[in-house]
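Read the structure below first, then the notes.
The values are calculated or read from the model by the stated rules, or taken from the named source; none is laboratory data. On a predicted model such as this, the values are computed, not experimentally measured, just so you know. Cβ coordinates were reconstructed from backbone atoms using ideal geometry, including for glycine residues, and neighbour counts include every protein chain displayed.
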Amino acid sequence: MKIPTTLKHKPVIVSENYENVDGRYAYNTDAKGLSLGLAQWNDRGKVDISAKVWRYTGEKWSRQSEELPLHRVLDLAILVCRAKLHFRESYRYKELYDTENPIIDRIGLQGDAMTVAVCNDNEKIHEDIKLFSQALSDDDELMGERLRTLSRILKEMGY
């Protein structure tokens, strides 16, 4: 299925078969494509690039399609990687994290730091963190493949 090019987001680089590789939802997803292109929020004279997940309901392109600035895509990747790193050692804690200090890390970005922490405000955090940990474990092969691919590409780029 072809990603629309007549909407506000203007695709430049696309993956139109994303539905075939959408993790555990492969071949059974409404996420039909990914694109990198010109952001829909661009103002005259200012051009931003965004990433977009294109969702299709079977009848029309969904309003739930998501568009993110590229730095947010990378910030999410950093967050995923840091969470995976935490859960490698989380068995050391009774509740899978240090309940006295829920901050996992502070990652320096742009002269400040992105705080990565367990959400203590979640009233069911002790249940939810166990479910989260199990889901990470269940998806380890799926995510590992993508992380190895990302690592290889980053190394090719000199990072």
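List of remarks:
- Selection status of Val80, free of Cβ contacts under 8 Å to residues at least 60 places away in the same chain and either surrounded by 14 or more Cβ atoms within 10 Å (Cβ to Cβ) or in contact with a helix residue (DSSP H, G or I) (Cβ under 7 Å, 6 or more places away or on another chain) (or both): no
- Of all residues in the stretch 1-49, those being modelled with pLDDT of 90 or more, polar (S, T, N, Q) and exposed (fewer than 15 other Cβ atoms within 10 Å of the Cβ) number 3.
- Here Leu142 passes the criteria (1) in contact with a Pro (Cβ under 8 Å, 6 or more places away or on another chain); (2) touching a residue at least 40 places away in the same chain (Cβ under 8 Å) except the one numbered (1).
- Among the residues of the stretch 94-112, just one is at positive phi and of a type in the set (Gly, Ala, Ser), namely Gly111.
- With respect to being among the hydrophobic types (A, V, I, L, M, F, W, C) and touching a strand residue (DSSP E or B) at 6+ places or on another chain (Cβ under 6 Å), Leu76 falls outside the description.
- Residues within the stretch 100-118 that are surrounded by 11 or more Cβ atoms within 10 Å (Cβ to Cβ) and without any contact (Cβ under 8 Å) to a residue 12 or more places away in the chain, tallied: 2
- Tyr97 over 30 Å from Val12 (Cα atoms) and either exposed (fewer than 13 other Cβ atoms within 10 Å of the Cβ) or within 15 Å of the chain's Cα centre (by Cα) (or both): no
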